[in-house]
Structure formats: structure tokens, C-alpha cells
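Each value in this text was obtained by applying a stated rule to the coordinates, not by laboratory testing. Bear in mind the structure is a predicted one, so any value in this text is a computation, not a measurement. Neighbour counts run over all protein chains shown; Cβ positions are idealised from the backbone, glycine included.
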Amino acid sequence: MKTMSQAMLIMTMQTAKKTGLALCPKCQKVNVLKAQPQQCTRCHGKFYQRKYNSLQYTLAWNIAALLAFIPANLYPIMIVYQLGIPKEATILSGIGEFIDHGLYPIAVIIFAASIIVPLIKIIGLFVLTYRTYTGIRLKPNKHSRVYHILEFLGPWSMLDVFVVALMVTIVELGFVTSVAAGPAINYFTLTVIFTMFSANSFDPRLLWDKRSETNIDKKV
Amino acid sequence: MDKPLNTKLLIACRQCDALYDKPLLKQGQSAKCTRCGSILAERKVNSIERSFNWSLAGVLLMLPAILLPIMGVTLAGQFHQASLFDCILVLIDRGFFMIASLVFLFAIAVPVVRLVGALYLTYHFKFKKLKPSLLNFFRAYHHLDNWAMLNVFMLGIVVSMYKLLDDTELSVNLGLLSFILWLISSTMASSTLDQDYIWDKLEQNFPNENHVASDVDNDHANS
């Protein structure tokens with residue numbers, strides 16, 4: 001019953017696209033769409049009805065993020081020098097060290113921020129673009145919520161980068177102990193930035209567009 | 001389409017593109033989309049005043065938060081402390097240009113620009129000195145929405161403190177307090193800023209005549 005009424009709602013809902021209107025992404029003003037790109041009558045910015053080539057850009061940034069994520073995990077992220085002897089640690093081995101020292105809360109936070117969140121973002125955006133492209137088992141309600149979570153999680157994976165930056169700055173006692181950043185930090189920041197670009201270029205309105213398209217097809 | 005569309009009376013959901021009549025909201029009310037549940041429009045309470053005060057506080061806290069040392073460590077008799085600004089200098093000094101520039105961008109530049117921007121904007125609204133350049137200014141302001149990461153940096157400070165606590169003597173300085181206050185005031189400044197209200201006001205004051213006129217013509221032609 002609930003799904004019936006939802007389906008009805010989706011069918012009957014008047015959208016800006018069907019009416020020949022478009023929403024300005026900057027100032028949220030409804031404009032009559034006369035050209036692509038349209039100039040907004042309120043903020044004078046130029047925009048497209050949907051984000052321009054949304055799925056292609058999302059996919060491209062996503063692949064870039066996935067590629068950058070591989071060296072980010074293979075190379076050392078932090079090198080600790082104690083009395084001149086370097087000790088390298090990758091993201092995963094760093095987490096292992098925390099567990100050895102019994103610092104469980106930190107291990108969980110770092111694991112969540114630097115492994116789980118980027119992976120979930122990359123996989124989630126792949127699934128979203130695939131579902132939006134094919135329209136198979138597309139549930140706009142559920143998927144737009146997933147998109148919101150992905151968008152919100154974005155910046156939090158920068159945590160590890162900031163921690164390393166702080167450690168490099170603070171633990172600088174010359175020969176006794178010092179910390180250096182490893183090459184993985186660059187790849188890791190690239191991963192985070194690419195996933196943020198990817199999430200930014202995805203347009204959740206495409207989910208609803210696809211849904212109403214496929215529904216109409218079924219009826220006909 | 002029987003009647004010409006007046007785009008001023010319409011509002012569309014930015015998440016699912018559903019079209020609604022523009023709701024008349026009182027201060028503190030918000031409208032939700034019935035299809036996807038995201039917020040369509042909201043009128044924030046006393047937005048300009050609050051945002052002005054928070055951003056003024058933020059601008060004042062900016063310098064101590066960046067320049068005062070956040071924390072220091074004592075290890076093997078040596079004491080060493082660092083502020084947010086030292087952090088960047090040290091990173092540049094040791095050749096980590098990429099993280100140096102990213103920390104600078106996300107933890108200093110973007111929050112500072114957003115705060116000063118919010119202050120500039122609300123100052124002009126508060127003292128009724130609107131000018132057309134604010135249109136472009138506020139549009140540019142929206143580009144920075146996602147890129148302020150002070151909260152993440154705060155969590156980074158907490159994590160590294162916890163990490164250092166294990167085998168060093170850690171001391172917390174005034175910089176941490178001002179950083180926390182800066183974080184709070186910059187978050188509040190951007191969350192109390194009522195964007196719909198500002199855009200409405202700017203549109204009333206600086207209507208783009210030729211655009212509006214051609215809109216109406218086009219509507220008639222369509223209908």
C-alpha cells in the first residue's frame with residue numbers, strides 16, 4: 001500500500017524539468033529555461049538544468065580516486081625517526097600499532113576515517129552512477145539518502161592527513177625523535193579530494209528523473 | 001499551461017526537482033519536500049543580526065587561533081610547541097608542499113575567507129548599504145560551501161593529542177581554546193546565515209529588468 005502511494009506520488013509530482021523550468025544551483029531561484037547554459041535572473045550565474053555531464057564526471061573522478069587509493073595504502077604514510085633510525089608505517093600498519101598499544105578508540109576512528117569512509121564513498125558512488133544509468137532496482141528515496149550520507153562523509157577522511165601534519169610539526173625534537181610524512185600522504189589527499197569532486201558532480205535529481213522515465217515506460 | 005508562470009511564486013526542491021508554490025514562512029519555520037524529505041526553504045530567526053555577531057566574533061578569534069601555540073610536548077627534556085601557522089611553516093620547511101598547501105587551504109584560507117565574507121555581507125545588510133556587487137560576491141561565497149574543514153582539523157588535534165599522551169608529556173595552550181571558539185563561531189556564522197532571505201533581498205533591490213521582462217514575454221508565448 002505504501003509503495004503504491006509512493007509510486008503514485010512520484011508519477012503525479014510536477015517537476016521543474018517537466019514544466020520547462022530550472023533551478024539555479026547557487027541561489028535556488030526557479031528560472032524559465034531558455035538556453036543551456038541559462039543565465040540566472042537573480043544571481044546572474046550560468047547554470048545547466050542538471051549538473052553538466054553529471055554521471056560521466058562522477059565516474060571519471062571516482063576512477064581517479066580508486067587509482068590514487070592503491071598507492072595510498074601501499075606506500076608508508078608516516079616515518080618515525082627515533083635516534084636516527086627510521087620506522088615506516090603505512091595506514092594499515094599504523095592502525096595495527098594502535099591496537100598493539102591498546103589505543104582502541106583511536107584505532108577505530110582512524111580506521112573508519114581513512115579506510116572505511118573512502119572505500120564506502122568510492123563503492124557507493126559507483127553503485128549510484130550504475131543504478132542511475134541503467135535504472136535497475138532504483139529507489140530514489142533510499143538512494144538520495146545514501147547520497148547525502150556520502151556527501152556528508154567526504155571531508156572527514158582528511159583526518160589522517162591532518163593528524164600526520166600535526167605530528168610532523170609537533171614531534172620535532174631533532175635527533176631524538178622526529179616524524180616525517182611518507183609519499184602515501186599525497187596519494188591519500190588526492191583520493192579524498194577526488195571523491196569530494198566526484199560526490200559534488202553527482203546530481204541526485206537524476207535519480208528521480210530516471211525513476212519517472214522508467215515508470216512512464218512501464219505504463220505505456 | 002493555462003496561466004503564465006510566475007517564477008517568483010515557485011520553488012523547486014534542490015534534491016529531487018519537485019515543483020511547489022512558494023510557501024510563506026515565518027521566522028524559524030522551514031518547509032520540507034514531500035517527495036524526498038529534504039529542506040526546501042527556511043526562514044532563520046534574526047539571521048542577519050546573529051550571523052553578523054558570530055562572524056565578528058570569528059574574525060576577532062581568527063588571529064589568536066592561528067598564531068597562538070595549540071599544544072606543546074616535552075620529551076627527553078626538550079620542550080617544543082606549535083601553532084597552526086607554525087604547522088604550515090614547518091611542513092614547507094621540510095619539503096611537504098602538498099600537505100602544507102592543503103592544510104593552509106582547508107584549515108586557514110577557506111574558513112578565513114568564509115568568515116570575512118559573511119561579515120562583509122551581513123555588515124552591508126545590517127547597515128542597509130546594499131550594492132550590486134554583493135550579488136557576485138554572494139554567488140562566489142557559495143563555491144566554498146564544502147571546503148571548510150575546521151571540524152575535521154579539530155578531530156585531528158584530538159587524535160594526535162591522544163596519540164602523544166602515550167609517551168610524551170603534553171601541555172595544552174591558549175591556542176587550543178581559541179581554536180575551539182573559532183571553530184564554534186565560524187560554524188554558527190555560516191549556519192545562521194539565511195541564504196534565501198539574502199537572495200530575496202538582493203533580488204528586490206537589484207532586479208535584472210531586461211531578464212524579467214523577457215521571462216514574462218516568453219511565458220505568454222509558451223502558453
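Overview of results
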read-out: Fewest-first sequence of A:191, A:132, B:74, A:15 by Cβ atoms within 10 Å of each Cβ; value: B:74, A:15, A:132, A:191
read-out: Residues B:200, A:100, A:160, sorted so that the one with the fewest Cβ neighbours within 10 Å comes first; value: A:100, B:200, A:160
read-out: R0 of 35 Å, Cβ-Cβ distance residue A:137-residue A:35: FRET efficiency to nearest 0.05; value: 0.45
read-out: Label-point separation in nm, residue A:48 to residue B:158, each point 7 Å along Cα→Cβ; value: 4.0
read-out: Two-site label geometry, residue B:126 and residue A:67: point separation in nm, points 7 Å out along Cα→Cβ; value: 4.9
read-out: Relative contact order (%) - chain A, alpha-carbon pairs under 8 angstrom, separation at least six; value: 29
read-out: Proximal charge balance of residue B:139 [Cβ under 15 Å; K/R count +1, D/E count -1]; value: +3
read-out: Sequence of A:138, A:74 once ranked by neighbouring C-beta atoms within 10 Å, starting from the fewest; value: A:74, A:138
read-out: For residues of A:109-116, the mean tally of beta carbons on other chains within 10 Å; value: 1
read-out: Point-to-point label distance, residue B:27-residue B:136, nm (Cα→Cβ direction, 7 Å offset); value: 3.3
read-out: Compactness of the range B:21-74 as Cα Rg over 2.2 N^0.38 Å, two decimals; value: 1.92
read-out: Chain A - Rg (one decimal) and Dmax (whole number), Cα, Å; value: 22.7, 76
read-out: Structure-based [θ]222 nm, the protein assembly as shown - -39500 (n - 2.57) summed over DSSP H runs of at least 4, per residue, nearest 500; value: -18500 deg cm²/dmol
read-out: Helical segments meeting 24 Å axial Cα length and Kyte-Doolittle 0.0 threshold in chain A (DSSP H); value: A:54-74, A:117-134, A:184-201
read-out: The range B:1-43: C-alpha pair distances exceeding 11 Å, %; value: 67
read-out: Size of electric dipole in chain B: Cβ of Lys, Arg +1 and of Asp, Glu -1, about Cα centre, debye, nearest 20; value: 500
read-out: Rg(Cα)/(2.2 N^0.38 Å) for the protein assembly as shown, N = residue count; value: 1.11
read-out: Folded to 0 to 90 degrees: helix B:84-93 orientation relative to chain B principal axis, Cα; value: 70
read-out: Net charge over other residues, Cβ less than 11 angstrom from the Cβ of residue B:75 (K, R count +1; D, E count -1); value: -3
read-out: Residue A:74-residue A:119 FRET efficiency (beta carbon distance; Förster radius 22 Å; 0.05 resolution); value: 0.90
read-out: Calculated from backbone phi, Karplus (6.51, -1.76, 1.60) coupling profile of the range A:172-183 in Hz, x at Gly/Pro; value: 9, 10, x, 6, 5, 9, 8, 10, 10, 8, x, x
read-out: Kirkwood Rh and Cα Rg combined as Rg/Rh, chain B; value: 1.11
